[in-house]
Every structure is written in C-alpha cells, then in structure tokens.
Amino acid sequence: MSGSSGNQGGPGNTGGRGNAGGQGGNSGHGAHRGGRGKGGPRDNSRRNAQGRERNRGPQRNFTESAPSQRTRRADPARLVAFEVLRAVAAEDAYANLVLPARIRHHGLDKRDAGFATELSYGALRGQGTYDAILARCVDRPLDQLDPAVLDALRIGTHQLLAMRVPAHAALDQTVGLARAVIGAGPSALINAVLRKVAARSLDEWLDLLVEGETDQTRIAALRHAHPEWIVRAMRQSLVAHGRPAAEIDELLEADNAAPVVNLVALPGLGSLDEALESGATPGELVEGSALSSGGDLGRLASVRSGTTRVQDVGSQLVARAMAAVDLGPGGAGTGEAWLDLCAGPGGKASLLGALARERGATLLANEPAPHRAKLVSQALSAVPGDTWQVRTGDGREVGAEQPESYHRVLVDVPCSGLGALRRRPESRWRRSPKDLTDLAPLQRELLASALAAVRPGGVVAYVTCSPHPAETKAVVADALRKRDDLELLDAGAALDAVSLTGDLGAGYESTAQLWPHIHGTDAMFLALIHKKA
C-alpha cells in the first residue's frame, strides 16, 4: 500500500456503474451505528443525533458552550471526510456520491476539496491495513469501539502514514475533529492511539504486520489493503486472461492509485474545448476523450448540458467497439436497431445514443429500476429524442418479447465490480465471494435474453466491470455451449480498431480484458458474440 500526496485533486463524482445503485443522500454529522461490547450491543443513549456525546448528568444537555467546543473546532475538509466515512459505514452509501454533496455543503475551495477527497478515499481504500495497524495500538477489539471513533482513527491514521501532513497537525486536527463531532471523552482515546500510530512509518508498520508471515496472499492483502479473497480472485483473473500471476502486486497498487477523471464528448454533440481550457488533457486511448485532475466539473457548461460526460475510458472503448463491428452482408447499415439491455445509470447509453444518431440507427435503453430508468433518460436527454427510447422492465424478458429485433445489443451485466475498485474504494470491504455465486444466474439469463433479442447476422457485446473468470469467460462459454448458431468475434481487434493506439494488447482467446495497471482504465471485459446469419 503506497502513500499518496495530500492535496492532489480527487476523482470527484465519477458516476461509475453501480449494480445496486448508490445512496447519495445527505450524510450529515451523525450517521451512527452502535458497536458491540463483550456484553452485547453498546448503549449509545448518551449520543445525540449528530453523534456527539452528551454530558453524563441527566439534568444537563450538550451545548455549544461545552469546553470541548470552546477549545476545538472541526477543520471543514476533515469534517467532510469524517461525514463521508460515517455515511459509508452507517448508511451503506457510496463515497463517490456522498463526497461531492458534502464538499458543496461545506463550501470547500479546490485545494480543500482535493484534500478531503484524498483523505476520504485514502482512508476507505486503506481500511483493512489501517485496521490491522490500529489493532496493535488499541487495548480492545476494534469491533468494541464506537464506529464513529473508529472512523476518526482511520482518518488520523491515513494522514499520519500516507499523506504529506505533519504529524503534529494530523494529531491536533483529528483530535479537534473528534472533540467537535464525537465528544471530549473519546478524543482522549483517539489522541493516545494516534500517538502510537505515529511512532512508526507506514513501511515500518507493514514490515511489522507481515513479520513471520509466509502466506503470500496474506502478505499482499496487508501490504496493498485488499481482502485476501480479492487478492486470490485477481491473481486467478490475471492468469485466466493471459497475464502472468506475477503482475498481482502491480494490479493491486493500481487499485490504490487515485484515478484520473475521464471525460467523453458525445460524438456530433459535445466538445472538449471548455474542459481543455480548464486544464484537462486530451485522452491518449480513444478519440473524443480527455483526462481531468478533478475540481468541480459541474462548472463546465458542456457537462451541465450533458454533451460532455464523466465516463471511464474503458467504458468508452467497449461501447465504441460494439458500435463499430462490421456486420457484413447481414448488417442493415442505416436503419439499424440497437439495444442497451442493462442501461442504468446511462453512461454507455448516452454514448451509444450519440453514435446511433450519427449512423442513422435507433437505441432502446432498458433498465428495470424506475429511479435508475429516470437517470438513463436524463443521461440521454442531450441526444435528440427521435433517436432513443427508454424501457422500464426486466431485461430477462426482452428476448422473449422482442425476438431477433436488434442488430447490436450491449449487455453490461450486474457484477461484483472488482474491476472498479479504484473508483469505489469502499466496495472491496463490502463484497464477498458469495456475490459471485449470487450474480451468476442473473448474468447468464441476461446474456440469454440478449442472444434471443439479436437478429441473425447481428452482434451481442457481453460486458462486465470485473475480470473474474466466473463473471466473464465462464458465462460466455456456457452460452456458446448451448447454441450452435453463435461464434466469438475477435474482441481484442475490435478494441484496437476504435483506440488511438491501435495496439492495446487486451485480447486473449477472442475475448478482451482491460486492466488498470496496463491500460489505466477500469478492468472492463468484452466478448463480442456474433449470431450467424
């Protein structure tokens, strides 16, 4: 787990595809969950709605004139990070949805917003490793700590070990934060624990944690702040897609690097001029893309209008690859019908809609959840309405209801999201191997529906934001075994054809896998399945 600089611009609200949707509500100061002590649930009755500790006497109430409030105040940037961690822990919120709202609420300038972003994302990414360090410094099991106290400790630990923040400032400001939003009593514990953390550098702590350890998976998990099962899964994924297992450390490090914000100008509709004038740089992998160090992209008129969007370049590549496949004599050319079977929240749908408009095609975007279907409509609103429609319904039913109706079908199935861990720092600690098992039937049913919906001579793009073979190659292989009218097209060559480099090196055995440590993208998988005419 490498340290990061403190005041760099963060990824901001990257949008990102979320299989379960995000909870981007007001995180507040007081998202709170009781910890468990030896005798059962902890009594948190002395905490008010903001998470502050009330005075012990029944006749007294917590007030702003308490000594802790007179002597300390919460630094706004650190307060934002604390609120983000609280929302993630107590409300199962997504950091990339909560963070921009909290930054705006507290009115942070660009420098403080970058600090809050790095502190929020860094503390979440490093949680497993930081907890292992904290367990050496606390005199009780961590699950017996008040969750708000534990989040404050994680924030302090990240500042001390992985940011260019002087130790005295990290200690003083974190204790001040605790006094302001948790209470004077817990702040003494936080001060004592963080002083123990500060006694060693991150490298010294990591060496201590792995001392005497022989299990290489365990060592990698501690050093790179990933659950052990994900380390094993990623190593297996590398091999399954033709990469050496020795790349595992590079891959895990890439997951821990703060991602650059990727922009896309909708073809024929958007322009990157405004973004480039604001400091973005042209993308090197795909046309119409740019890279931004962050900031408030909502200030850009093109972003507000929806003609320029935040979208990972890996997602841009797979959408463009599907749209560009030569369907040969069986293709319809102008007048094609396209389908995005799992369209929410609409990132790929908006790009496909713009491409369809340029080529005289139409797009149906399907999304089962009504609130996410609204997001799809909003994402497509920048594209003329005669090009697209949004259907709210179960994608598994489209193939039976509209058999052989579409020339091109994108099925970006719900998945574990292992390919986007760098953009969703909390997800690595939420996911479990059970997610792979639970999602497998749905992935197969959605692909079967897509294959039923595509016309003979057409193509289905099976896409996941996960490199795990259980969600990628295994699903495709099962579909091919069940039918004799299907064949794989060369997905690696299709990606090369729409890339600026022309040589991504992502193909292996007719499918393609992008990687954060190789391509600087999310780990997107692509298989192009042609239905024989």
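Quick note: the coordinates plus some simple rules give every number you see, no bench work behind them. These numbers were taken from a predicted model, which means no experiment stands behind them. Because the Cβ atoms are built from the backbone with ideal geometry, glycine has one as well, and the counts that use them run over all protein chains shown.
The figures follow:
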{"read-out": "V239-S510 FRET efficiency (beta carbon distance; Förster radius 25 Å; 0.05 resolution)", "value": "0.90"}
{"read-out": "Distance between segment 369-423 and segment 103-171 - C-alpha centres, whole angstrom", "value": "37"}
{"read-out": "Charge context of H407, other residues only, Cβ under 11 angstrom, K/R +1, D/E -1", "value": "+2"}
{"read-out": "For segment 428-479: rounded, prolate or oblate by the Cα gyration tensor [a/c cutoff 1.5]", "value": "prolate"}
{"read-out": "Global size of segment 312-531 as Cα Rg and Dmax, reported in angstrom", "value": "16.0, 49"}
{"read-out": "J(HN,Hα) series, segment 483-497, from Karplus relation 6.51 cos²θ - 1.76 cosθ + 1.60, nearest Hz, glycine and proline x", "value": "9, 10, 9, 10, 8, 7, 8, 7, 5, x, 5, 5, 5, 4, 5"}
{"read-out": "Amide proton proximity set for G457, modelled H, under 5 Å, gap of 5+", "value": "K531, K532, A533"}
{"read-out": "Whole-Hz couplings from phi, Karplus 6.51/-1.76/1.60, listed for segment 218-227; x for Gly and Pro", "value": "4, 5, 5, 4, 6, 6, 10, 6, 10, x"}
{"read-out": "Cα-based convex hull, segment 212-256, per residue volume (Å³, whole number)", "value": "65"}
{"read-out": "Partner lysines for K531 [C-alpha distance under 19 Å; skip if fewer than 8 residues away on the same chain]", "value": "K473, K482"}
{"read-out": "Estimated vicinal HN-Hα couplings, Hz - segment 244-255 in sequence order (Karplus 6.51, -1.76, 1.60; Gly, Pro = x)", "value": "x, 4, 5, 7, 4, 5, 5, 5, 5, 5, 5, 4"}
{"read-out": "Ranking of C137, C415, C342, C465 by count of other Cβ atoms within 10 Å, fewest first", "value": "C137, C342, C415, C465"}
{"read-out": "Residue (of T362, S289, V409) at the positive-pole extreme of segment 288-429, dipole from beta-carbon charges", "value": "S289"}
{"read-out": "Cα gyration tensor category, rounded, prolate or oblate, for segment 259-310 with a/c compared to 1.5", "value": "oblate"}
{"read-out": "5 angstrom amide H check on L410, placed H, neighbours 5+ away", "value": "L339, D340, L341, A461"}
{"read-out": "Peptide ranges 217-228, 74-85 listed from the most packed, as the mean C-beta count within 10 angstrom indicates", "value": "74-85, 217-228"}
{"read-out": "Cβ-derived FRET efficiency at R0 60 Å, D207 paired with L276, nearest 0.05", "value": "0.85"}
{"read-out": "Residues whose placed amide H lies under 5 Å from that of T464, excluding near-sequence neighbours", "value": "F525"}
